[in-house]
2 protein chains.
Amino acid sequence: MKRLSILGSTGSIGRQTLEVVRAFPERFRVWGLAAGENAPLLGQQIDEFRPALVSLVRGHLPGGDYRTCTAEEMAAHPETDLVVIATSGRAGLGPTLAAIQAGKDIALANKEVLVMAGAVVTALAREHNVEIRPIDSEHSALWQCLRGEDRATVKRLIITASGGPFRHHTTQEMAQITPEAALRHPTWQMGKKVTIDSATLMNKGMEIIEAHWLFGIPYQDIEVVVHPQSLIHSMVEFADGSIKAQLSPPDMKLPIQYALAYPERWPNSELPLVDWTQRLDLNFEAPDLSRFPCLRLAREAGMRGGTYPAALCAADEVAVDRFLKRDIGFLDISRLVEDALEAHRGSPQPTLDDILAADAWARDYAANWKPK
Amino acid sequence: MKRLSILGSTGSIGRQTLEVVRAFPERFRVWGLAAGENAPLLGQQIDEFRPALVSLVRGHLPGGDYRTCTAEEMAAHPETDLVVIATSGRAGLGPTLAAIQAGKDIALANKEVLVMAGAVVTALAREHNVEIRPIDSEHSALWQCLRGEDRATVKRLIITASGGPFRHHTTQEMAQITPEAALRHPTWQMGKKVTIDSATLMNKGMEIIEAHWLFGIPYQDIEVVVHPQSLIHSMVEFADGSIKAQLSPPDMKLPIQYALAYPERWPNSELPLVDWTQRLDLNFEAPDLSRFPCLRLAREAGMRGGTYPAALCAADEVAVDRFLKRDIGFLDISRLVEDALEAHRGSPQPTLDDILAADAWARDYAANWKPK
């Protein structure tokens, strides 16, 4: 019986994590549930899963047989075996570091944690002998492909990208994209921020940075390939030219379950299967960096290192927010981020405080940025 | 330095094995070379690789600093580390068993060894703690996908098939197929027998039987999917629905090198790479068992077990030979094999002698079979 604490339990990944937990009642005990503001849903989850610890940033909960605490306390609690970081934005950073310092293994869905502070987080994880298990389809795929292989024999990571809904748009058409159009992702159901990031390919750019930190592979050996069907979730090419790929129908419950069950694999009838009796066509093409500059910007920020990825993250978050509010256009997202990186004065070996300062600086810069 | 004995060194796989050896002169010493009849090529190989042992079934060799012996003696020789079985037909059976009895690891390209005598060979290998490393693209792919995974979590093996040159032919058109047309394989350069077996899908059927014995997976959990580009060489589906696939440009040198280098992976600039900067389309469809009955016949023979797969192999070998001599038509190959299996009186727990007797019986039956 594994005791789980789920941070961000009312979000998309948090809810799907609880679906996986529900399918294996004999294997998991929900030890802690933490949410931001969704008190009604957290209340329902408390009723169903009876956690020992509960954390809510804003809102009011009915009483019950639980103790309240901060997300950091929950992440580091001695009776937690595995901490699921299903928060988003910089919210996951503190609890992740707390969990690592307490020696807890982590299932990490919060992209910004590694993008903003990959060096700090992975150094601390090595120091405390903590395993960071990725929860997203691409890094889970890479992790699965690396299983049983010597990492010294990795030649390239090949991250697949659906290409988003605007794969075939001209730059002119892209200037007219509305929030409504950008929120319709062709293959994945996700939150708003990540859906827009998928449309700009910023999401894929951040995944390059995450992959760099998770697997210790140099940036020049991490490629992105557009694969519209989102069936192959990523690939690893080895020294001998052999490539391993991981495939499954697009459903986050698989990477979640893999991270929770690792190193085991459990049958789960709720997970969809690929149907090989039907004709299937898988296409691959190189991404167009001129129409999707965010991919280039993220890679460059990763290679510059230091506080640049944190500035990228923060500038992008504000830019996406301003786009959703119709304050700036779709193409302005990358322009804003590019200008922010240009203006940023990064520190090369940042502490966590430096990273948070870069984050604050970039948010401020992005909020005041004006389209030309 | 690994000492290799290569049985069938003048055949297609044997020559490519020596190409791999040539790329890693510091890693391998060619200890033995065995061939059937191609004395001139074997002579050249002796000049280049200076083996200690040489075996030639028929023909005359110039003298040199080597000792001659039988293929069985070579396979079991105490100074051999790894035996490459690159022979074809039942010729590989005796040397394989001799190598296993001597405790030598085996790199196996000779399909018929496991198809004819899978139960005997794998039981002996378990007894002597010998590893059978597959050398063909499909089983190498399965083996690579299984690396680091618990075999108890395998749900299905998915073997890919190019579908051969007649994938879209009607049954009527198939009746008219000439040996010349059947020998033009769309993606692989191979010997005649295996090229015709690829066109009838008998080759794929035999691979089901091989996979069953190599990986201990029940027949009902081994599927075949047509994938004309031959880039994904096979896949494994696990209990959680996750699928791992192995990809590489069609080139036998990769599975050969993987089998020789295992568990290592070595860079080799002669091995081709997938070019992800080019647009790539991968298609998959279910095989049509009504137009390609050999696939069904092989699976049925495997499931009946005992001497049935040996009878299938032998009948098919004679049928292909008769087809190449224009003695019977393309569609007669499966008819002959089906009639042979129908007429065969198999023994359920056969000894090697029973298997060889079934082989002889089926050859005789096939030689005398007349088209209706």
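The values are calculated or read from the model by the stated rules, or taken from the named source; none is laboratory data. The structure presented is a predicted model; accordingly, all values stated were derived computationally and were not measured. All Cβ positions, glycine included, derive from the backbone under ideal geometry; neighbour counts span all protein chains shown. Ligands, DNA and RNA are stripped out before the accessible areas are found, and what is left, the full protein with its side chains, is counted by its heavy atoms. Shrake-Rupley method; radii C 1.70, N 1.55, O 1.52, S 1.80 Å.
Below is a table of values for the structure above.
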| read-out | value |
| --- | --- |
| Number of partner chain Cβ atoms within 10 Å, mean per residue of A:221-232 | 2 |
| Share antiparallel - DSSP beta bridges, the protein assembly as shown, percent rounded to 5 | 35 percent |
| Mean Cβ neighbour count within 10 Å, used as a protection proxy, ranking A:153-163, A:23-33, B:196-206 highest first | B:196-206, A:153-163, A:23-33 |
| Accessible surface of A:Cys69 - all protein chains present, 1.4 Å probe, nearest 10 Å² | 20 Å² |
| Net length gained if the chain between A:Asp288 and A:Arg126 were fully extended (0.36 nm per residue, minus Cα distance) | 54.7 nm |
| Student exercise, chain A dipole from Lys, Arg, Asp, Glu Cβ charges, in Debye to nearest 20 | 280 debye |
| From phi via Karplus (6.51, -1.76, 1.60), per-residue ³J(HN,Hα) for region B:363-372 in Hz, x at Gly/Pro | 4, 5, 4, 5, 5, 9, 5, 10, x, 6 |
| Inter-chain Cβ neighbour average for residues A:278-286, partner chain, 10 Å | 6 |
| Drop in accessible area of at least 20 Å² in the complex versus isolated chain, residues of region A:134-158, 1.4 Å probe | A:Gln144, A:Arg147, A:Gly148, A:Glu149, A:Thr153, A:Lys155, A:Arg156 |
| Within the accessible area of chain A (1.4 Å probe), percent carbon and sulfur | 50 percent |
| Inter-part distance where region B:346-372 and region A:214-255 are each reduced to a Cα centre, Å | 47 Å |
| Other-chain or far-sequence residues with amide H under 5 Å of A:Val54's (modelled H) | A:Leu33, A:Arg67, A:Thr68, A:Cys69 |
| Mean Cα-pair separation over length for chain B, i.e. relative contact order, pairs under 8 Å, 6 or more apart, % | 15 percent |
| Per residue accessible area of region A:206-316, 1.4 Å probe, in Å² | 29 Å² |
| Share of alpha-carbon pairs per 5 Å distance bin for region A:305-372, given as whole % | 4, 22, 31, 21, 12, 7, 3, 0 |
| Close Lys-Lys pairs in region A:128-261, where close means Cα under 30 Å and separation is 8 or more or interchain | 10 |
| Percentage relative contact order, region B:305-372, counting C-alpha pairs under 8 Å, at least six apart | 51 percent |
| Pairwise label distance in nanometres, A:Asp275 with B:Tyr66, each label 7 Å out on the Cα-Cβ vector | 5.7 nm |
| Projected label distance in nm at B:Glu79 and B:Lys2, using a 7 Å step from Cα toward the beta-carbon | 1.9 nm |
| Packing-based ranking, highest mean first, of A:3-9, A:173-179, A:35-41 given that Cβ atoms within 10 Å are counted | A:3-9, A:35-41, A:173-179 |
| Calculated from backbone phi, Karplus (6.51, -1.76, 1.60) coupling profile of region B:84-93 in Hz, x at Gly/Pro | 9, 9, 10, 6, 9, x, 6, 4, x, 5 |
| Label spacing, shortest first and in nm, from A:Leu41 to its equivalents in the remaining copies (7 angstrom along Cα→Cβ) | 6.5 |
| DSSP bridge pairs, chain B: antiparallel proportion in percent, nearest 5 | 30 percent |
| GluC sites (Glu not before Pro) within region B:63-103: DSSP coil, no more than 16 neighbouring Cβ in 10 Å | B:Glu79 |
| Nearest-first distances (nm) between copies at A:Thr171, label 7 Å from Cα via Cβ | 5.9 |
| Charged-residue dipole, Cβ positions (Lys, Arg, Asp, Glu), region A:88-186 about Cα centre, Debye nearest 20 | 120 debye |
| Under-5 Å amide H pairs with B:Glu223, H placed in peptide plane, nonlocal only | B:Leu157, B:Ile158, B:Ile159 |
| Within region A:2-134: Cβ-based charge dipole about Cα centre, in debye rounded to nearest 20 (Lys, Arg +1; Asp, Glu -1) | 160 debye |
| Euclidean distance between Cα centres, region B:11-51 to region B:80-109, Å | 16 Å |
| Partners for A:Lys111 among aspartates and glutamates (Cα-Cα distance below 14 Å; same-chain residues under 8 apart left out) | A:Asp136, A:Glu138, A:Asp197, A:Glu207, A:Glu210, A:Asp316, A:Glu317 |
| Karplus (6.51, -1.76, 1.60) ³J(HN,Hα), θ = phi - 60°, over region A:244-261, in Hz, Gly and Pro reported as x | 10, 10, 10, 10, 5, x, x, 7, 5, 5, 5, x, 5, 4, 4, 5, 6, 8 |
| Relative contact order (%) - region B:2-134, alpha-carbon pairs under 8 angstrom, separation at least six | 23 percent |
| Ascending list, in nanometres, of distances separating the A:Glu342 label from those of the other copies (7 Å, Cα toward Cβ) | 8.0 |
| Beta carbon of chain A nearest to the axis of the rotation taking A to B, residue and angstrom distance | A:Gly148, 1 |
| Amide proton proximity set for A:Thr307, modelled H, under 5 Å, gap of 5+ | A:Ser347 |
| Solvent-accessible area buried by pairing A with B, both sides, nearest 100 square angstrom, 1.4 angstrom probe | 3800 Å² |
| Cβ neighbours within 10 Å from other chains - mean over A:263-273 | 4 |
| Computed [θ] at 222 nm, deg cm²/dmol, chain A (DSSP H ≥ 4; -39,500 (n - 2.57); rounded to nearest 500) | -13500 deg cm²/dmol |
| In region A:266-372, the GluC sites (Glu not before Pro) that fall in loop regions by DSSP, at most 14 other Cβ within 10 Å | A:Glu270 |
| Cα lying deepest toward the dipole's positive end in the protein assembly as shown, options A:Leu282, A:Gly59, B:Phe215, charges on Cβ | A:Leu282 |
